Amino acid sequence: MGYVFVLIVGLFAGTIAGVVGTGSSIMLMPVLVYQFGPKQAVPIMAVAAVMANFSRILAWWRDVDWRACAAYSVTGIPAAALGARTLLALPSHAVDVAIGVFLIAMVPVRHWLARHQLKANLLHMMIGGAVIGYLTGIVASTGPLSVPLFLFYGLTKGAFLATEAASSLGLYLSKSVTFERFGALTADVAFKGLIAGASLMAGAFIAKRFVLHLKPEAFRLIMDGIMLAAGVALLWSAMAS
């Protein structure tokens, strides 16, 4: 029944993420922590995120901005590996608390970024890739940070979804390889990641038909609700353990 629950939440999370560009890790992470514990949940989510981002690339292949993707990835990939190595040195309780606090804190940070009409160029993409890449190695999702960066670069709808997914794919691959190298990504963990990832992939293709109809106000409300709920759930898990 645990795997069925993961699949159901993953399908829903993949659909939402396929519409708004992020959120699958935020929604699925508390379920994975509950089912498998925080130390397994993060590498499981890394595998699932690789599959989820790959499916969004397939859905929007023709719209990828490869210049922005390259600028973001050249610094983000090594930074994600460094962040993943940092994560493995942290105790499980600290992982729960760190992810929970991060998700809740991203709500006001996202609103602050939205109020400042910032414009991003390729240099900003490289700097953002380094910072967000390192954080991606530590926490399950940094979508609330990466989404504004790609939007400020000028990408919208399919181009935004495809380019953000292509850029994130490299980071999560780097994170997964680091986990495997240091023994955190075992065959059992990889299998669980494949199960979670399969549901996220299905959701991404379901979502494609809804992308053009989502209003910006709905996007903001969905993301705020998802981050607050997931953050509170993880903090509650940390206090209860």
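A Förster distance of 30 Å, applied to the separation of the beta-carbon atoms of ILE127 and PHE5, puts the FRET efficiency at 0.15. Sorting 157-168, 29-40 by their mean Cβ neighbour count within 10 Å, with the most densely packed peptide first, gives 157-168, 29-40. Computed 3J(HN,Hα) for the stretch 36-51, one whole-Hz value per residue from the Karplus formula 6.51 cos²θ - 1.76 cosθ + 1.60 where θ = phi - 60°, is 10, x, x, 5, 7, 4, 5, x, 4, 5, 4, 5, 4, 5, 4, 5, glycine and proline marked x. Extension gain, ARG85 to THR156, is 22.2 nm, computed as 0.36 nm per intervening residue step minus the present C-alpha separation.
Just so you know, the Rg over Rh for the stretch 29-93 is 1.07, from Cα atoms, with Rh as the Kirkwood radius.
Once both labels are positioned 7 Å from their Cα atoms along Cα-to-Cβ, the gap between ALA105 and ASP224 label points is 2.1 nm. Per residue, the accessible area of the stretch 30-88 comes to 41 Å² when a 1.4 Å probe rolls over the protein heavy atoms.
The values are calculated or read from the model by the stated rules, or taken from the named source; none is laboratory data. None of these values were measured; they are calculated from a predicted model. All Cβ positions, glycine included, derive from the backbone under ideal geometry; neighbour counts span all protein chains shown. Just the protein is used for accessible areas: all its heavy atoms, side chains included, with ligands, DNA and RNA removed. Shrake-Rupley method; radii C 1.70, N 1.55, O 1.52, S 1.80 Å.
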